[in-house]
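Undergrad: Have a look at this one.
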Amino acid sequence: MAKKLDKNKLVIVESPAKAKTIEKILGRTYKVISSYGHIIDLPKTKIGVDVNDNFKPSYHTIKGKGPIIKQLKEAAKKADKIYLASDPDREGESIAWHIANTLKLDHNEKNRIEFHEITERAIKDAVKNPKKINISRVNSQQARRILDRLVGYEISPFLWKLISPNTSAGRVQSVALKIICELEDKIKNFVPEKYWDVKGIFDEKYNLNLYKIDNKKIDKLKDEKLLDRVKKDLKKKYEVISSKITKKIKNPPLPLKTSTLQQLASSYLGFSASKTMTVAQKLYEGVSIKGEHKGLITYMRTDSTRISDEAKEMAKEYIIKNKKKQLYFYPFKKIETTKALKGSISTKAKKNNKNVQDAHEGIRPTDINLIPQNIMQYLDKDQFKLYNLIWQRFLISQLASMKYEQFEYILEKDKIQYRGSINKIIFDGYYKVFKEDENLPIGDFPEIKEGDKFTLDKLDIKEDYTKPPARLTESSLVKTLEAEGIGRPSTYASIIDTLKKREYVKLQNKSFVPTEIGYEVKTQLDKFFPNIMNIKFTAKLEDELDEVDSGDKNWIDLLKVFYTELQKYEEKCKSVVEEELEKLVISDVLDKNGKPMIMKIGRFGRYLASQDTESKENISLKGIDISLEDIKKGKIFVKKQIEELSKKKEGQKTDIILDNGSRLLLKYGRFGAYLESENYKEDNIRKTIPKEIKTKIEKNTIKKENDILCLKDMFDKIEKEEAEILKKAGKCEKCGRPFKIKNGRWGKFLACTGYPECKNIKKISKDK
C-alpha cells in the first residue's frame with residue numbers, strides 16, 4: 001500500500017506571503033500554495049467578449065501562469081479536500097471561481113473559505129465554516145470587468161483617430177477626469193468678490209460675530225450698503241434676545257475604511273493611494289516578529305466601518321489597562337495623558353446603508369497589544385507610519401464620546417444680530433487625546449440673560465476677497481469619488497494611477513491640474529458619449545452592479561441595456577470622426593521637395609510625412625508638444641521643437657575637458673540630464689550631474705560662451721567643498737575605512753566605503 005500523504009488538505013491563497021503563515025497555523029495535514037493572484041483573464045490584445053452571445057467572456061491563461069496552473073493541478077490530485085482562500089472581496093471570489101473551473105471542482109461543494117485577518121483564530125474559524133462560491137459576487141465582478149472592456153475597446157479607437165493613439169477611455173477614469181477638468185474651469189472662470197468679515201466688541205469684553213441682517217444669515221458680508229448700516233450702530237445699545245445652554249455630544253471618528261485610510265495616509269503621511277494600498281497589503285499579509293509571522297491589520301479593501309464585538313472588547317481591555325499611561329497619537333505627535341478613558345466605549349460603527357462591500361470589518365489592528373513603537377524594529381519606515389496611523393485611529397474610535405454644554409447668546413438691534421458661543425466640557429472622552437483639526441472654544445459661561453443690554457464699543461472689520469475653489473489632491477479626489485458614488489474604494493488607486501500614467505493630469509503643489517491632452521479627451525468624450533461622462537449615470541451603474549452582487553439583478557440584462565445605449569452614441573460618432581480624418585493638418589517643416597509635411601497618426605503615435613505618397617520621408621513627433629488648437633486650425637508649428645530635440649540627442653558641448661582630451665557633452669536620458677564623453681564609444685565615460693547644477697540646467701541659468709556651457713568652475717567648486725568635508729569627516733569610527741559622499745532623498749550624506757559590511761552613515765555638518 002502506498003504511504004498516505006502527511007498533507008492531504010490543500011488550501012489555495014492569492015499571495016505567497018500568506019502561504020507559510022497559514023500552513024504553520026493549520027498544521028502538518030494542510031498544504032498551502034499560492035495562485036499568485038489571477039491565473040486567467042480576458043486577453044490583452046482584443047476585447048475578449050462576444051457581444052452577440054450574451055456577452056460571453058473569452059478567458060485565457062495569463063502569460064507566465066502556465067507553471068503555476070500545473071502546480072495547482074498536481075497538488076489538487078493529491079488532496080482529499082481543497083479550500084479556495086483567495087481574498088474576501090469580489091475579485092477574490094472571481095479568482096476562486098476561475099481556480100475551481102480550472103481544477104474542475106464541484107461548484108455545489110462548500111470549498112470557499114474567507115478570513116479578514118491572518119490570525120490563528122480567524123484562519124481556523126474559516127476552515128471550520130466553508131461556503132459555496134458566491135456566484136452573484138462572481139457575476140458582479142464579471143459584469144464590472146466586461147463593462148470596462150466595452151468602454152475601453154469600443155470608445156478608445158475614436159479617441160485614437162480624433163486625438164492620439166496614446167489616449168484611451170475608461171468607464172470610471174473618464175468621469176474622474178471630468179471632475180478635475182470642470183473644477184479647473186471653475187477656477188479659471190472665478191471672479192473674486194470683495195467681502196467683509198465683521199465682529200462686534202460689546203462692553204469691551206464680549207467678542208461676537210455678525211450673525212444676521214433682516215433675518216438672513218451672514219457668512220461673508222458683500223453688500224457695502226449693509227456694512228454702512230452696521231457701522232451706524234456703533235456705540236449703541238443691543239439687547240440679548242436669546243440666551244440658552246444646549247447639551248451636546250461629539251462622537252469619536254469612525255474606524256478606517258479603504259477610502260478614509262487613503263485620505264488620511266495622503267494628508268498625514270504624503271502617501272499616494274497606490275502606495276497606501278501596497279503598504280497596507282504587506283501589513284495585512286504580515287511580518288516576522290520575534291521569529292513568528294503575524295498579520296498586523298484586517299483586510300484593507302472594505303467599505304465597512306463595523307467592528308466585531310471581540311475587537312471592541314480587545315480595545316476596551318487595552319484602554320482600561322493603559323488609562324494611566326502616556327499615549328501617542330498620529331504620527332510622532334505626543335498627546336497628554338487622559339483621565340477620561342474609563343468611560344463607556346463608543347459604539348459608533350454604523351455600516352453604510354448601501355454600497356458596503358461584503359460583511360467586512362473596518363480596517364483595524366489584529367492585536368491592539370502590538371503597539372507600533374514596540375514593533376518598530378520589525379517594520380520598514382513606511383510600514384511603521386501606516387500601521388501607527390491605523391492602530392491609533394482604531395483606538396481613538398473606541399474611546400468614549402465627548403460630552404459638553406454650549407452657551408449661545410444673540411444680541412439684536414434694528415434687525416442686526418450678533419452671535420456668541422462658549423463651551424464647557426462635561427466629560428472629555430476621546431477629545432482628551434484627539435482633537436483633529438478642530439478646537440472648540442472652551443471657557444466659563446458668562447452670566448448673560450435675555451433682556452440684558454450691551455454697548456457695541458468697537459467693530460473689528462477685515463476686508464478680503466473670495467477665493468477660488470481649491471484643486472483636488474489625492475485625498476480630496478478620493479473623498480469626492482466616494483461622495484459621488486464613482487467607482488469603489490478598491491478601484492480609487494488604479495483610477496488615479498491611470499490618470500497620471502496617461503498624462504491626463506499633472507501634479508502641481510500636490511494638486512491635480514488637467515493637461516491639454518486631458519482636457520481634449522474630456523471634451524471629446526463629453527461631446528460624443530455624454531452618458532459615459534455623466535456622473536449620476538456612472539453612480540447608478542455602480543449601484544446596479546451592487547444589485548448584481550446581492551442577487552437582485554441579472555448581470556447579462558445590465559450589460560444588454562448598457563451596450564444598446566453605447567451603440568447609439570457610437571453610430572453618431574463614426575461620421576464625425578471620418579470627417580475629421582479627411583482634414584489635412586500641415587506643419588512648418590518642409591520635406592526634401594520643399595513642400596510642407598503633414599501630420600499623420602500611426603501605430604506609434606503622431607508623425608510627419610511627405611505629401612508625396614511615394615516618399616518614405618517621415619519624422620517622429622514623439623516628445624513634441626503640439627497645440628490641439630493648432631491641430632483644429634489645420635496647421636502645427638513644430639520645427640523649432642524638432643531642432644531642439646535633435647540637438648539634445650546629439651548633446652551640447654561643455655567646457656569640461658577630460659585627461660584623455662575628450663570633451664564632455666550635456667545629454668538627456670530617461671532620468672534627466674547627464675554628461676557623456678564625445679568619444680563615449682572608445683572611452684565609455686559618463687558623469688552624473690550634482691543636484692544643484694542640474695537645477696540650474698533645468699532653469700536655463702548656466703552661462704554660455706560661444707555656445708559652450710560653462711560647467712567646469714561649478715564642478716571644481718563642488719569637488720573642492722566635498723574634499724574638505726571628507727577631510728573633516730576622517731575615517732569611519734566603526735571600521736576605520738574612509739567615507740564617501742552620497743546623495744539621498746534628503747540631500748547629501750556620508751557613507752562608509754566599507755558597505756555592505758559596514759553600514760555606517762552620518763549627516764554632513766553644515767558648520768563652516
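Nothing in this text is a laboratory measurement; each read-out follows from the coordinates by a stated rule. Because the structure is a prediction, the values reported are computed rather than measured. Glycine also receives a Cβ, built like all others from the backbone with ideal geometry; neighbour counts cover every protein chain displayed.
Undergrad: Give the distance, in whole Å, between the Cα centre of region 646-676 and the Cα centre of region 137-162.
TA: That distance is 46 Å.
Undergrad: Could you work out the percent of alpha carbon pairs in the chain separated by over 39 Å, rounded to a whole number?
TA: 58 percent
Undergrad: Any idea what the alpha-carbon Rg over 2.2 N^0.38 Å comes to for region 210-277?
TA: Region 210-277 yields a ratio of 2.07.
Undergrad: Quick check on the chain: helices-only [θ] at 222 nm, where DSSP H runs of length 4 and up contribute -39,500 (n - 2.57) each and the sum goes over total residues. Nearest 500, please.
TA: Here the helix-only value at 222 nm equals -11500 deg cm²/dmol.
Undergrad: With the alpha-carbon atoms as the only input, what is the per residue convex hull volume for region 651-715 in Å³?
TA: With only Cα atoms used, region 651-715 gives 87 Å³ per residue.
Undergrad: How much length would be gained if the chain were fully extended between Gln373 and Glu463, taking 0.36 nm per residue of separation minus their Cα-Cα distance, in nm to one decimal?
TA: Going from the current span to full extension adds 27.6 nm.
Undergrad: To continue, here is another question. Roughly how compact is region 631-747, stated as its Cα Rg over 2.2 N^0.38 Å to two decimals?
TA: Normalised Rg, Cα atoms only: 1.39.
Undergrad: Roughly what % of DSSP beta bridges within the chain run antiparallel, to the nearest 5?
TA: About 85 percent, rounded to the nearest 5.
Undergrad: For Lys748 and Tyr668, what is the calculated FRET efficiency with R₀ set at 22 Å and r taken between the beta-carbons, to the nearest 0.05?
TA: E(calc), rounded to 0.05, equals 0.40.
Undergrad: Using the alpha carbons of region 678-768, what is the convex hull volume per residue in cubic angstrom, as a whole number?
TA: 155 Å³
Undergrad: Counting only C-alpha contacts under 8 Å and six or more residues apart, can you give the relative contact order of the chain as a whole percent?
TA: 12 percent
Undergrad: Among Val513, Val521, which comes first, second and so on when ranked by fewest other beta-carbon atoms within 10 Å?
TA: Val513, Val521
Undergrad: Same structure again: Let me know the Rg and Dmax you get for region 456-595 when you use only its Cα atoms, in Å.
TA: In order Rg, Dmax, the Cα atoms of region 456-595 give 22.6, 85 Å.
Undergrad: Return Ile249, Ile82, Ile99 ranked ascending by Cβ neighbour count within 10 Å, so the fewest neighbours appear first.
TA: If I rank by nearby Cβ atoms, fewest first, I get Ile249, Ile82, Ile99.
Undergrad: Which one, Val175, Phe190, Leu256, is farthest towards the positive end of the dipole of the chain when Lys and Arg carry +1 and Asp and Glu -1 on their Cβ?
TA: The Cα lying farthest towards the positive end belongs to Leu256.
Undergrad: Where does region 1-151 land on Rg/Rh, using Cα atoms and the Kirkwood Rh?
TA: Rg/Rh for region 1-151 comes to 1.00.
Undergrad: Where a ≥ b ≥ c are the square roots of the eigenvalues of the C-alpha gyration tensor, would you call region 398-492 rounded, which needs a/c under 1.5, or, failing that, prolate if a/b is larger than b/c, or oblate?
TA: Cα axes put region 398-492 in the oblate bin.
Undergrad: With 10 angstrom as the radius, rank Cys735, Cys573, Cys752 by how many other C-beta atoms surround their C-beta, starting from the fewest.
TA: Cys735, Cys573, Cys752
Undergrad: Going by the alpha-carbon gyration tensor, a ≥ b ≥ c the square roots of its eigenvalues, is region 191-324 rounded (a/c under 1.5) or, if a/c is not under 1.5, prolate (a/b greater than b/c) versus oblate?
TA: The shape class here is prolate.
Undergrad: Please say if region 583-645 is rounded, prolate or oblate, where rounded means a/c under 1.5 for a ≥ b ≥ c the square roots of the C-alpha gyration tensor eigenvalues, and otherwise the choice is prolate for a/b larger than b/c and oblate otherwise?
TA: rounded
Undergrad: Ok, one more. Using packing as a proxy for protection, rank 217-228, 544-555, 499-510 so that the peptide with the highest average count of other Cβ atoms within 10 Å comes first.
TA: 544-555, 499-510, 217-228
Undergrad: What is the local net charge at Ile118, summed over the other residues whose Cβ is closer than 13 Å to its Cβ (Lys, Arg +1; Asp, Glu -1)?
TA: Here the count lands on -3.
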